[in-house]
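Enquirer: First the structure, then my questions, so here it is.
The values are calculated or read from the model by the stated rules, or taken from the named source; none is laboratory data. This one's a predicted model, so the numbers in the text were calculated from it and none came from an experiment. All Cβ positions, even for glycine, are placed from backbone atoms using ideal geometry, and neighbour counts span all protein chains on display. Heads up: the accessible areas ignore ligands, DNA and RNA and are worked out on the full protein's heavy atoms, side chains in. Shrake-Rupley method; radii C 1.70, N 1.55, O 1.52, S 1.80 Å.
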Amino acid sequence: MQMTGLIPLLAHGWHGDGWWAGGMMAWMAIFWGAVVLGIAWLFRRGPGHLPSSEEEALRILDRRFAEGAITRDEYRERKSVLTGG
């Protein structure tokens, strides 16, 4: 008597004799590949990749000065406040 249905197919494939084992191996390779690529991407960016709020504020201040939105004196005063000196 031969059993039909999903359970015998899964049980048979689990031992490496069918499409189920190949499919599981492929998904496992995709999963671990994504994990490794994600970790590599995080390390490539590094902790210093994101600008600090002070650096961002100085960039905005520089841009506003370059656009003419603030005077030289305002620029110097605000930069002194941001850099603490």
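Enquirer: From 42, 37, which residue is open to solvent by 70 Å² or more (accessible area, probe 1.4 Å) and at pLDDT below 90?
Expert: Details: 37 fails: at pLDDT below 90.
Exactly one of 42, 37 is open to solvent by 70 Å² or more (accessible area, probe 1.4 Å) and at pLDDT below 90, namely 42.
Enquirer: Here is a further query. I'm trying to understand the selection: among the residues of the range 51-85, which are outside any helix (DSSP H, G or I), at pLDDT below 90 and surrounded by 10 or more Cβ atoms within 10 Å (Cβ to Cβ)?
Expert: Residues of the range 51-85 that are outside any helix (DSSP H, G or I), as a first pass: 51-52, 68-71, 84-85.
Still in the running and at pLDDT below 90: 51-52, 84-85.
Answer for the range 51-85, where residues must be outside any helix (DSSP H, G or I), at pLDDT below 90 and surrounded by 10 or more Cβ atoms within 10 Å (Cβ to Cβ): just 51.
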